[in-house]
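> If you scroll down you'll find the structure; I have some questions about it.
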Amino acid sequence: MPQVPPDISEMTTVRRLRAAGCVFAEEEARLLLGSGAGTIELARMIEARTAGYPLEHILEWVEFCGLRIAVEDGVFVPRRRTEFLVHTAAQLTSPGDVVVDLCCGCGALGVALSEAVGSIELHAADIESVAVGCARRNVAPLGGWVYEGDLFEPLPDSLRGGIRTLLCNTPYVPTSSIGMMPPEARLHEPQVTLDGGPDGLEVQRRVAARAAQWLAPGGHLLVEASDDQAPVVAELFAAGGLLPRTVFSQELEATVIIGMRPADS
Ligand SMILES: C[S@@+](CC[C@H](N)C(=O)[O-])C[C@H]1O[C@@H](n2cnc3c(N)ncnc32)[C@H](O)[C@@H]1O
């Protein structure tokens, strides 16, 4: 019997996405149908989206700071609010600076900072091999390096005391709140990318304790956290020998804590 071609018209696609609960069904349909995939592949992509897979994992890219960054299944999808961390870092970074993107996921933060500042020496690291592979696709074209391992462990020793800007968007969701996250995150992003332990700050605690050894005098560590967590993070930074300050973006609903290694330390 001849196969009936799948109906991937715009109207049907929007209707299916809307029925599956996609709030931005028209925009998503436009992106899926404009992806250049053939009919069979498109039908599979639409099916995956209606089954709840994140749009960015299906498209295999995410828009971040106006750039198209590769992202893939099993890798955290950079959030729009994190653009504020990059904008803040751009004000503290100069061309030629050594920048490290720790807990880099797909590497979006370092790539976007490089685009904003001009030529920087970019290093990135993550504990997950799938994230490291993905970050390499994004960072290598800029001449940067990506390492695999736990926090500072895989970084070359030559960076110790020389990092001007340390970007670090760690997991910071308290374990007990993971169950309240949207299913796209809860079901499709690995626990290690989201779970920050009992108070959400386990990874930041470890970063804050060691960052001063890796930063250059006058260099900055930047992390994202919730409003409630920010005062605790600032205390962790101070305990680690950094001068903390917190900045907010109402527009992006983002909170960034900056820690500077004193220039004379
Ligand atoms: C919230 S995601 C952020 C990813 C990326 N920075 C971004 O904003 O798109 C946190 C990332 O930290 C990584 N991670 C978690 N624990 C880590 C550790 N101990 N050492 C290095 N990376 C870690 C996860 O694999 C994940 O990619």
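Computed from the coordinates by the stated procedures, all read-outs in this text should not be read as laboratory data. A quick note: this is a predicted structure, and the numbers were derived from the prediction, not measured. Cβ: placed from backbone, ideal geometry, glycine included. Neighbour counts: every protein chain shown.
> Run the quick spin-label model on Thr12 and Glu27: label points 7 Å from Cα toward the beta carbon, then report their separation in nm to one decimal.
Modelled inter-label distance: 2.6 nm.
> Continuing with the same structure: Once the dipole of the chain is set up with Lys and Arg at +1 and Asp and Glu at -1 on Cβ about the Cα centre, which of Met181, Gly219, Ala135 lies farthest towards its positive end?
Farthest towards the positive pole: Gly219.
> If amide hydrogens are placed 1.01 Å from N in the peptide plane, which non-local residues have theirs closer than 5 Å to the one on Trp61?
Correct list: Val71.
> Whole-Hz Karplus ³J(HN,Hα) for region 91-105, in order, using 6.51 cos²θ - 1.76 cosθ + 1.60 and θ = phi - 60°, x for Gly and Pro?
So the Karplus estimates, Gly and Pro as x, are 6, 10, 10, 10, x, x, 5, 7, 10, 10, 9, 8, 6, 6, x Hz.
> Return the long-range amide H neighbours of Val173 (sequence gap of 5 or more, or a different chain), with a cut-off of under 5 Å between placed amide H atoms.
Distant-sequence amide H within range of Val173: Gly196.
> Could you pull out every residue, at least 5 positions away or on a different chain, whose amide H is within less than 5 Å of the one on Gly219? Hs are placed 1.01 Å off N in the peptide plane, and Pro or chain starts have none.
Long-range HN contacts for Gly219: Arg261.
> How charged is the neighbourhood of Glu148? Take every other residue with its Cβ under 12 Å from the Cβ of Glu148, and add Lys/Arg as +1 and Asp/Glu as -1. Could you put the intermediate results ahead of the total?
Working: positive: Arg136; negative: Asp126, Glu128, Asp150, Glu153.
Around Glu148, the surrounding residues sum to -3.
> Sticking with this structure for a sec: When Lys and Arg each count +1 and Asp and Glu each count -1, what net charge do the other residues less than 13 Å away from Val99, Cβ to Cβ, add up to? Walk me through the numbers before you get to the answer.
On the way: positive: Arg164; negative: Asp97, Asp101, Glu115, Glu121.
That works out to -3.
> I need the shape label for region 2-44. Rule: rounded when a/c is under 1.5, else prolate if a/b > b/c, else oblate, with a, b, c from the alpha carbon gyration tensor.
Numbers: a/c = 2.56, a/b = 1.52, b/c = 1.68.
Since a/c reaches 1.5 but b/c is at least a/b, the shape of region 2-44 is classed as oblate.
> For region 124-228, what does the alpha-carbon gyration tensor say about shape, rounded, prolate or oblate, given a ≥ b ≥ c as the root eigenvalues, a/c under 1.5 as rounded, and a/b over b/c as prolate? Present the calculation step by step, with values, prior to reporting the outcome.
Values: a/c = 2.33, a/b = 1.36, b/c = 1.71.
Since a/c reaches 1.5 but b/c is at least a/b, the shape of region 124-228 is classed as oblate.
> Below 12 angstrom from the Cβ of Arg206, what's the summed charge of the other residues (Lys, Arg +1; Asp, Glu -1)? Kindly include the intermediate steps, with their values, before the conclusion.
Numbers: positive: Arg205, Arg210; negative: Asp150, Glu153, Glu202.
Net charge around Arg206: -1.
> Okay, next question. Starting from the Cα gyration tensor of region 80-260, take the square roots of the eigenvalues, sort them a ≥ b ≥ c, and report rounded, prolate or oblate (rounded when a/c is under 1.5, otherwise prolate if a/b is larger than b/c, else oblate).
Details: a/c = 1.43, a/b = 1.17, b/c = 1.22.
Taking the square roots of the gyration eigenvalues as a ≥ b ≥ c, region 80-260 is rounded.
> Of all beta bridges DSSP finds with both residues in the chain, what is the antiparallel percent, to the nearest 5?
Working: 17 of 35 bridges.
Counting only bridges with both partners in the chain, antiparallel ones make up about 50 percent.
> Each residue of region 258-265 in turn: what ³J(HN,Hα) in whole Hz from Karplus with 6.51, -1.76, 1.60 and θ = phi - 60°, glycine and Pro shown as x?
10, x, 9, 6, x, 4, 9, 9
> Then there's this: Compute the helix-to-body angle for 129-139: its Cα long axis versus the longest principal axis of the chain, expressed 0 to 90° and rounded to tens.
80
> Place +1 on the Cβ of every Lys and Arg and -1 on the Cβ of every Asp and Glu in the chain, take the dipole about the Cα centre, and give the residue among Pro231, Gly162, Ala125 whose Cα lies farthest towards its positive end.
Of the listed residues, the answer is Gly162.
> Follow-up question, since we're still on this one. Give a residue-ordered list of calculated ³J(HN,Hα) values for region 146-162 (Karplus: 6.51 cos²θ - 1.76 cosθ + 1.60, θ = phi - 60°; whole Hz; x for Gly, Pro).
The phi angles translate into 10, 10, 10, x, 7, 6, 7, 3, x, 6, x, 4, 4, 7, 4, x, x Hz.
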